[in-house]
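Written out below as structure tokens is the structure these notes cover.
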Amino acid sequence: MPKILIVEDDIGIAKKLALFLQKSGFNTEHLDSGLNVIKTVKKSMPDLILLDLMLPYKTGEECCTQIREFSQVPIIMATAKVEEIDRLIGLEAGADDYICKPYSLMELVLRIKAILRRTAPAIDSSKPEITINKDTLEVLFQGKDAEFTSLEFSLFELLFKQPGRIYSRQLILDLAYSSLRDISDRSIDGHIKKIRKKIRALGIEDNVIESVYGAGYRLVLPKW
């Protein structure tokens, strides 16, 4: 199920939102201020963010601008302000949509689904497809599955979500292993080696994870 990060300082509104979104088929996570938004986005990698404009410690506009420095995750900005200038500020910061309070929860769900459909990568069903299962830590291909360790899966999932993007070793440490302090560059290289071996065991001969000299690693999906 897609994960929605709710950033809302009104606890009552947040609980109501979370309950409605969960009943509509989404997983949710909640923050009540802008303080830990960037850290949470990097760690949890939500599929969409519902971001209140007026937040303690850091405004939604500031959060949105900083998120856009490293991610294109869809963002819906929510606010009680209705003036045109406030809407433009939210969109200028990088928000994908804007909704004013009070709003219909059903309308919000429809907007979320529309944005997720629009931003979902196109899939050619005529070609073999690599998929991942976060619950079982598995990578699947044509009826075969490879079980990954939690660390291997975190790394592969990071690369898998944005094929072609180059991730430096430091960025991998920050995004995939943010809760661990004893992971080194050599550990990353070791995990990459094991992941490549497990991918080949699925029958994929292409080098799915490429090393980019002096830059890092990137996922390159096979061209069948």
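Table: residues versus (1) more than 18 Å from D32 (Cα to Cα); (2) at pLDDT below 85; (3) not aromatic (F, W, Y).
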{"residue": "G60", "(1), (2), (3)": "no, no, yes"}
{"residue": "S71", "(1), (2), (3)": "yes, no, yes"}
{"residue": "K81", "(1), (2), (3)": "yes, yes, yes"}
{"residue": "R87", "(1), (2), (3)": "yes, yes, yes"}
{"residue": "G94", "(1), (2), (3)": "yes, yes, yes"}
{"residue": "I112", "(1), (2), (3)": "yes, no, yes"}
{"residue": "R118", "(1), (2), (3)": "yes, yes, yes"}
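Contact list please: Cβ distance under 6 Å, first residue in the stretch 60-72 and under 15 Å from L175 (Cβ atoms), second residue surrounded by 15 or more Cβ atoms within 10 Å (Cβ to Cβ), pairs at least six apart or on different chains.
Q66/I38; I67/V41
Take the stretch 181-224 and flag every residue that is of a type in the set (F, W, Y) and in contact (Cβ under 8 Å) with a residue 40 or more places away in the chain.
Y217, W224
With the requirement that a residue be assigned to a helix (DSSP H, G or I) and of a type in the set (K, R), what does the stretch 1-34 give you?
K15, K16, K23
Of the residues F148, F153, F160, only one is surrounded by fewer than 18 Cβ atoms within 10 Å (Cβ to Cβ) and either of a type in the set (F, W, Y) or at pLDDT 90 or above (or both); which?
F160
Name the residue that is nearest to P102 (Cα to Cα), counting only residues in the stretch 1-38 that are surrounded by fewer than 18 Cβ atoms within 10 Å (Cβ to Cβ) and among the β-branched types (V, I, T).
Step by step, filter the stretch 1-38, then rank; the result is I13.
If you take the residues of the stretch 35-49 that are part of a loop (DSSP other than H, G, I, E, B) and of a type in the set (A, V, I, L, M, F, W, C), which of them is nearest to the chain's Cα centre (by Cα)?
M45
Tally up the residues in the stretch 139-180 that are out of contact with any helix residue (DSSP H, G or I) (no Cβ under 8 Å at 6 or more places or on another chain) and in a helix (DSSP H, G or I), please.
Residues flagged as out of contact with any helix residue (DSSP H, G or I) (no Cβ under 8 Å at 6 or more places or on another chain) and in a helix (DSSP H, G or I) within the stretch 139-180 amount to 9.
So which residues in the stretch 190-203 are among the hydrophobic types (A, V, I, L, M, F, W, C) and either within 25 Å of the chain's Cα centre (by Cα) or more than 17 Å from E157 (Cα to Cα) (or both), if there are any at all?
Once the filter is applied, which keeps residues that are among the hydrophobic types (A, V, I, L, M, F, W, C) and either within 25 Å of the chain's Cα centre (by Cα) or more than 17 Å from E157 (Cα to Cα) (or both), the stretch 190-203 yields I192, I195, I199, A201.
Take the residues in the stretch 53-77 that are surrounded by fewer than 21 Cβ atoms within 10 Å (Cβ to Cβ) and assigned to a helix (DSSP H, G or I); name whichever of them is farthest from the chain's Cα centre (by Cα).
If we take residues in the stretch 53-77 being surrounded by fewer than 21 Cβ atoms within 10 Å (Cβ to Cβ) and assigned to a helix (DSSP H, G or I), then E62 is farthest from the chain's Cα centre (by Cα).
Table: residues versus (1) at pLDDT 80 or above; (2) out of contact with any Ser or Thr (no Cβ under 9 Å at 6 or more places or on another chain); (3) surrounded by fewer than 18 Cβ atoms within 10 Å (Cβ to Cβ).
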| residue | (1), (2), (3) |
| --- | --- |
| L173 | yes, no, no |
| A176 | yes, no, no |
| H191 | yes, no, no |
| I195 | yes, yes, no |
| A201 | yes, yes, yes |
| N207 | yes, yes, yes |
| S211 | yes, yes, yes |
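The values are calculated or read from the model by the stated rules, or taken from the named source; none is laboratory data. What you see is a predicted model, and the numbers here were worked out from it, not measured in a lab. Reconstructed Cβ throughout: ideal geometry from the backbone, glycine too, with neighbour counts over all protein chains shown.
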